[in-house]
């Protein structure tokens, strides 16, 4: 069951990334940010599940990512910072009134998010 949950989260991360691409192409920039964040979130959850680390909130995910993977040198600070920025952007895009992200900022997030998902998957147990 655990392996199935992990595989599901990785699959969901990849699908959500593709959703972000479609939304971006349609001009739904804030929605694209939301999907990029959740793509990274699902990949992170897969890794935490793999390592038997329980979290109860989005902030808990960020905290455990830092404690268990960045401080131990398994994930670069730069990659973790990108996750944190995505989290902040998602919050801003979802909850700030009358706010729309610049298309160029969002366009430049796609490659780092793909890299992030790939890194999370590479850290999963074989």
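Read-outs throughout are calculated quantities, based only on the coordinates presented, and are distinct from any laboratory measurement. Computed from a predicted structure; not experimentally measured. FYI the Cβ positions are ideal-geometry reconstructions off the backbone, even for glycines, and counts take in every protein chain you see.
For the reader, a short list of remarks on this structure follows.
- Acute angle (nearest 10 degrees) that the helix 2-25 long axis makes with the longest principal axis of the chain, alpha-carbon atoms: 20
- Centroid-to-centroid, using Cα positions, the stretch 1-48 and the stretch 96-126 are 9 Å apart.
- Taking the longest Cα principal axis of the chain as reference, the axis of helix 110-122 is set at about 10 degrees.
- Taking the fewest neighbouring Cβ atoms within 10 Å as the starting point, the ordered list for 98, 123 is 98, 123.
- Counting only DSSP H runs of at least 4 residues, each contributing -39500 (n - 2.57), and dividing by the residue count of the chain, the helix-based mean residue ellipticity at 222 nm comes to -23500 deg cm²/dmol.
- For the chain, the longest principal axis of the Cα atoms and the long axis of helix 29-50 meet at an angle of about 0 degrees.
- The stretch 2-122, Cα convex hull volume normalised per residue, Å³: 91
- Contact order normalised by residue count of the stretch 26-126, Cα under 8 Å, 6+ apart, percent: 50
- Sorted peptide list for 52-63, 75-86, criterion being average Cβ within 10 angstrom, highest first: 75-86, 52-63
- Within a Gaussian network of the chain (alpha carbon springs, distance under 10 Å), most fluctuating of 29, 45, 105: 105
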